[in-house]
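**Student:** Supplied in structure tokens, the structure appears directly below.
Bear in mind these aren't lab numbers, they're just calculated from the coordinates by the rules spelled out. Fair warning: this is a prediction, and the values are worked out from it, not measured in the lab. Here the Cβ positions follow ideal geometry from the backbone for every residue, glycine too, while neighbour counts run over all protein chains shown.
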Amino acid sequence: MLGAILFNILVITTILRVRSLRQNYHNMLVLNLSVADLGVALTSMTFSLVSVFDSGHFLTTHDGVCKANGFFSTMFSYTNFPVILSIATDRFLIVVLSKRFPPNRRRVFVMIVVCWLVGIIIASIASAGLVIDYEYDQSTKHCTRIWGIDMFRIISSVLYLGVIIPGLIAIYVIIAYFIRKKGLSLQRHQLSSSMSTLRSLSNVPNRSVMDSGEESETRITLPQPAPMRRLSDSAEDDGNISVSTEAHSVRNVNATATDRKIKMKRRRQRHVAHKRVILVGALLVFTTIICWTPYLMYHSNYIRVSEGEGHWFGVLTMWLGYCNALFDPLIYAFLNRRVRAELWKLKRKTFACCNS
């Protein structure tokens, strides 16, 4: 709980404080994910921790607090999953379809509004008591929505097993395939660029060959010398012009090779950044499955436990789900080099202030 609160506050503060991070529209999705995770830590983890120690006395005796706890925990939790899907979708558009769908502020803001509307609508339906209601759950020691077993099983299976996890896996598999093709193309382009540079260097005129007269066509024809000029002076001028022509050719070849190196370096950096997207996606899918699958399986009655161990197992699955609020800032923000660099700067400034 403390880690989720600390790391999400650091991510939110860093993105809002650094202008270059704010101008990257994709980071706005990461910012909203951190806000949702921070809301889970503050409105759900805290009351759940209290209930574990007082056996739910506080929440059962304060009905308004229980309903508020259930409303905000539901809202932030159901906002978390759409934001994760939006981040994956936006990365798919940026990496795979960047020419047709470049980074766009309007697209990101529409995704953010839709994600929060999903969480607010689901939480409002429960608070109105239309389909479900918020009550204290003795098995997990916190206030949550009380579903009928059949309804919960259908809704959880469709949303989690039919939309969220398959959608994330499909998006990142397509991104991985696209990046692999780009990597092979980059290797072929780098090889052909090296061969063309070697051919250009081999076509530069050779001084010894030019002096022997074998490549006299490359010489620059000079005006007829004046009657009083000596033959040695004319030969010396021809040599100087041949040297300058050769130096100009070498400079052109070197400039072309330098431009190619710069372009290849940028493409390699972009490819490395895209490979990091695959690493983030793999960690995201893994942590989401590990954190939320036991909780959903337990509440949908797919996992049955004996009466003696029902309490600790239900609480364990609940706190495994809460761990996702800790892993999200670590995966999304701390694997980002810019965010990590800004966090190190903030750490050094904080230590400097404390030491002074």
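**Student:** Give me the extension gain from residue 135 to residue 163: residue separation times 0.36 nm, minus the current Cα-Cα distance, reported in nm with one decimal.
**Tutor:** Working: separation 28, 0.36 × 28 = 10.08 nm, distance 2.73 nm.
Additional length available on full extension: 7.4 nm.
**Student:** Evaluate E = 1/(1 + (r/R0)^6) for residue 191 and residue 110, where r is the Cβ-Cβ distance and R0 equals 30 Å; express this FRET efficiency to the nearest 0.05. Walk me through the numbers before you get to the answer.
**Tutor:** On the way: r = 43 Å, r/R0 = 1.42.
The computed FRET efficiency comes out at 0.10.
**Student:** So if we plug the beta-carbon distance of residue 99 and residue 335 into 1/(1 + (r/R0)^6) with R0 = 35 Å, what FRET efficiency do we get, rounded to 0.05? Can you show the working numbers first?
**Tutor:** Numbers: r = 26 Å, r/R0 = 0.74.
Calculated value: 0.85.
**Student:** DSSP loop (so not H, G, I, E, B), at most 16 other Cβ within 10 Å: list which trypsin sites (Lys or Arg not before Pro) in segment 40-119 pass both filters.
**Tutor:** 99, 100
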